[in-house]
Amino acid sequence: MADCNVVVLISGSGSNLQALIDSIAHDGNPARIAAVISNRADAYGLERAKQAGITTRVLDHKQFDGREAFDAALVEAIDGFDPHLVVLAGFMRILTGGFVRHYEGRLLNIHPSLLPKYKGLHTHQRALEAGDSEHGCSVHFVTEELDGGPLVVQAVVPVESGDTPELLAQRVHGQEHHIYPLAMRWFAEGRLRLNDTGAQLDGTDLPATGYLIRT
Ligand code: GRF
């Protein structure tokens with residue numbers, strides 16, 4: 001892919017966005033972030049984008065009459081930047097089926113668990129309560145099932161004795177900052193695709209876990 005335009009959607013701190021920005025600036029990641037869009041005006045990630053000279057937009061979901069109207073406006077805003085890829089980086093909105101279908105095969109999300117375990121919120125606490133010895137994070141293509149699309153890459157993080165949700169979250173977050181730039185790079189290099197059988201890397205079906213990284 002000659003130039004891979006990426007639009008990143010955020011709602012908060014944007015540490016994953018920062019990792020994507022850094023991988024482009026320092027590690028030769030061939031993607032280009034065309035814009036960062038937030039549904040919250042106070043998202044710190046907007047500052048990170050501005051610092052990096054990236055165009056930002058705020059689209060406040062509270063200004064819209066329902067999910068469909070918001071998502072329609074979001075599609076219009078995103079498509080104004082001609083993206084090859086849309087990256088959800090802590091975007092705390094459930095997306096409509098229409099939105100997800102519009103970006104099929106070019107919409108990625110990151111989730112702080114080893115999917116399919118612990119979809120939704122409070123993943124670190126749930127992993128600890130279950131007594132899991134391993135936890136981690138996942139990048140996946142987005143489909144209409146919440147946190148349910150084909151997996152691209154997972155990083156496994158061992159649970160340590162004395163872990164709290166906060167400590168575990170910190171280590172998982174560290175791995176998120178590794179696997180999201182990796183997935184964006186694969187996509188930008190034309191190596192990562194979604195087809196009928198699932199996610200493919202270099203023309204070969206990825207395993208159900210996605211590419212697995214053990215730390
Ligand atoms: C991350 O834990 C990500 O897995 C989840 O939202 C969080 C975003 O964190 N989807 P940040 O805003 O990138 O720091």
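Of note:
- Among the residues of the stretch 1-20, those identified as in contact with a strand residue (DSSP E or B) (Cβ under 7 Å, 6 or more places away or on another chain) and open to solvent by 20 Å² or more (accessible area, probe 1.4 Å) are D3, N5.
- Looking only at the stretch 25-37, and only at residues there that are touching a residue at least 40 places away in the same chain (Cβ under 8 Å) and buried (at least 18 other Cβ atoms within 10 Å of the Cβ), the one that is farthest from L88 (Cα to Cα): N29
- Filtering the stretch 19-41 to residues that are within 13 Å of H177 (Cβ to Cβ) and in a loop (DSSP other than H, G, I, E, B) leaves D27, N29.
- Where helices (runs of 4 or more DSSP H) fall entirely within the stretch 42-120, none has at least 3 residues that are surrounded by 16 or more Cβ atoms within 10 Å (Cβ to Cβ), within 16 Å of the ligand (Cβ to nearest atom) and without any contact (Cβ under 8 Å) to a residue 12 or more places away in the chain.
The values are calculated or read from the model by the stated rules, or taken from the named source; none is laboratory data. Since we're looking at a predicted model, the values are computed, not measured. A quick note on method: Cβ atoms are made from the backbone with ideal geometry, for glycine too, and the neighbour counts reach across all protein chains shown. Only protein heavy atoms, including side chains, enter the accessible area calculation; ligands, DNA and RNA are left aside. Shrake-Rupley method; radii C 1.70, N 1.55, O 1.52, S 1.80 Å.
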